[in-house]
Amino acid sequence: MVLHAGARRLQAERVDLPPPGRGAVEITVEACGVCRTDLHVVDGDLPDPALPLIPGHEIVGRIRSLGPGVAGISISDRVGVPWLGRTCGACPYCRDGRENLCDAPGFTGYTLNGGFAERCTADARYVFPLPADGDPVAQAPLLCAGLIGYRSLAMAGDARRIGFYGFGAAAHILAQVAVWQGREVLAFTRPGDTAAQAFARESGAVWAGGSDQASPEPLDSAILFAPVGALVPAALKAVRKGGTVICGGIHMSDIPSFPYADLWGERRIVSVANLTRADGEAFLPLASKAGVRTTTVPYPLDQANVALNDLRAGRIQGAAVLVP
């Protein structure tokens with residue numbers, strides 16, 4: 001499914017896939033999650049995608065062939081391909097162990113072709129081994145919704161009471177992890193979205209309501225998964241002194257002005273940028289240990305536009321996943 005210049009719909013096409021180059025692998029795609037970032041790419045919210053482009057960065061599949069120089073991976077191994085597809089390895093951020101801030105990165109499904117396809121290629125250094133006996137549809141949302149959510153949760157430190165603003169693919173995974181860690185989760189959804197609020201409670205939230213409601217208790221931290229800048233001031237009002245508001249999305253609408261008094265008291269606003277390979281190495285075993293169960297809605301590959309429309313309209317509880 002290919003995105004072309006000037007389009008907001010993907011086109012089903014037959015595309016020649018060259019053999020994997022040095023250090024790369026070819027993958028037979030078993031499932032690919034549909035992330036809100038894919039929606040931002042298709043809708044033009046993120047600038048300069050590498051068009052024509054095959055989106056998709058929550059890829060689960062089997063190794064089909066190996067390029068020269070690949071070691072430690074075998075044919076038929078199951079792997080996951082995340083958003084971070086390549087880094088330069090030479091900039092100050094890479095040398096400092098912060099490859100998520102690399103000055104010359106490659107992003108799967110944005111600047112590199114992704115997994116809305118029957119097959120794809122990826123840099124072997126940036127794929128994660130996955131259990132061969134797992135359900136690939138259930139595994140797919142872990143590759144971005146789970147990983148970015150985990151990085152966001154880590155920024156909350158030892159916060160005991162956390163508010164999640166927006167309760168979709170990432171929040172339903174991280175709510176399970178947070179509850180397993182002994183934290184309290186409060187969920188803030190679109191006003192009136194009782195289905196999402198019920199889903200949040202099923203996922204472990206002790207309270208769920210609209211984002212237009214005041215928090216029933218002061219929050220130690222708030223994580224914003226909804227790309228709505230107006231939620232930042234609302235979350236600031238909900239966190240206690242010393243609390244942190246964490247913006248977990250790669251794109252967000254503009255943040256409106258707010259009184260300095262809402263920030264005062266050593267409250268902080270921070271953003272989450274991409275992920276590192278270390279995040280995956282830490283999170284994927286943790287998700288298994290915590291017994292995380294993803295809620296998914298499968299779509300055939302050629303129905304990618306339907307999945308994107310359903311995500312855009314807020315009709316999905318959990319995560320949409322394309323299946324070739």
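The values are calculated or read from the model by the stated rules, or taken from the named source; none is laboratory data. It should be emphasised that the depicted structure is a prediction, and the values quoted were computed from it without experimental measurement. Backbone-built Cβ (ideal geometry, glycine too); neighbour counts: all protein chains shown. For accessibility, only protein heavy atoms count, side chains too; no ligands or nucleic acids. Shrake-Rupley method; radii C 1.70, N 1.55, O 1.52, S 1.80 Å.
Could you check segment 189-201 and list, in sequence order, the residues that are open to solvent by 40 Å² or more (accessible area, probe 1.4 Å) and either without any contact (Cβ under 8 Å) to a residue 60 or more places away in the chain or not charged (D, E, K, R) (or both)?
Selection gives P191, G192, T194, A195, R201.
Of the residues that make up segment 231-251, is at least one without any contact (Cβ under 8 Å) to a residue 40 or more places away in the chain, surrounded by fewer than 23 Cβ atoms within 10 Å (Cβ to Cβ), touching a Pro at 6+ places or on another chain (Cβ under 7 Å) and in a loop (DSSP other than H, G, I, E, B)?
No, segment 231-251 contains no residue that is without any contact (Cβ under 8 Å) to a residue 40 or more places away in the chain, surrounded by fewer than 23 Cβ atoms within 10 Å (Cβ to Cβ), touching a Pro at 6+ places or on another chain (Cβ under 7 Å) and in a loop (DSSP other than H, G, I, E, B).
Tell me which residues, restricted to segment 89-130, are touching a helix residue (DSSP H, G or I) at 6+ places or on another chain (Cβ under 6 Å) and open to solvent by 30 Å² or more (accessible area, probe 1.4 Å).
Once the filter is applied, which keeps residues that are touching a helix residue (DSSP H, G or I) at 6+ places or on another chain (Cβ under 6 Å) and open to solvent by 30 Å² or more (accessible area, probe 1.4 Å), segment 89-130 yields Y93, L101.
Kindly provide the set of residues from segment 56-73 that are touching a Leu at 6+ places or on another chain (Cβ under 8 Å) and either more than 19 Å from A124 (Cα to Cα) or surrounded by fewer than 22 Cβ atoms within 10 Å (Cβ to Cβ) (or both), ordered by number.
Once the filter is applied, which keeps residues that are touching a Leu at 6+ places or on another chain (Cβ under 8 Å) and either more than 19 Å from A124 (Cα to Cα) or surrounded by fewer than 22 Cβ atoms within 10 Å (Cβ to Cβ) (or both), segment 56-73 yields only I73.
State which residue is most open to solvent (accessible area, probe 1.4 Å) when the search covers only segment 154-188 and only residues that are assigned to a strand (DSSP E or B) and over 18 Å from C35 (Cα atoms).
Checked segment 154-188; the qualifying residue most open to solvent (accessible area, probe 1.4 Å) is E184.
Mind listing whichever residues of segment 270-324 are out of contact with any Gly (no Cβ under 9 Å at 6 or more places or on another chain) and among the hydrophobic types (A, V, I, L, M, F, W, C)?
Result: V270, A273, L275, A282, L286, A290, L301, V306, A307, L308, A313, V323.
Sort out which residues of segment 115-153 are in a loop (DSSP other than H, G, I, E, B), in contact with a Ser or Thr (Cβ under 8 Å, 6 or more places away or on another chain) and of a type in the set (G, A, S), and write them in order of number.
Within segment 115-153, just G115 meets the criteria.
Among the numbered conditions (1) open to solvent by 40 Å² or more (accessible area, probe 1.4 Å); (2) in contact with a helix residue (DSSP H, G or I) (Cβ under 6 Å, 6 or more places away or on another chain); (3) not in a strand (DSSP E or B), tell me where T294 comes up short.
Here T294 clears every test but (1).
I need the full set of residues from segment 51-87 which are in contact with an Asp or Glu (Cβ under 6 Å, 6 or more places away or on another chain) and farther than 14 Å from T37 by Cβ, in order please.
Of everything in segment 51-87, those that are in contact with an Asp or Glu (Cβ under 6 Å, 6 or more places away or on another chain) and farther than 14 Å from T37 by Cβ turn out to be V60, G61, I63, R64, S65, R86, T87.
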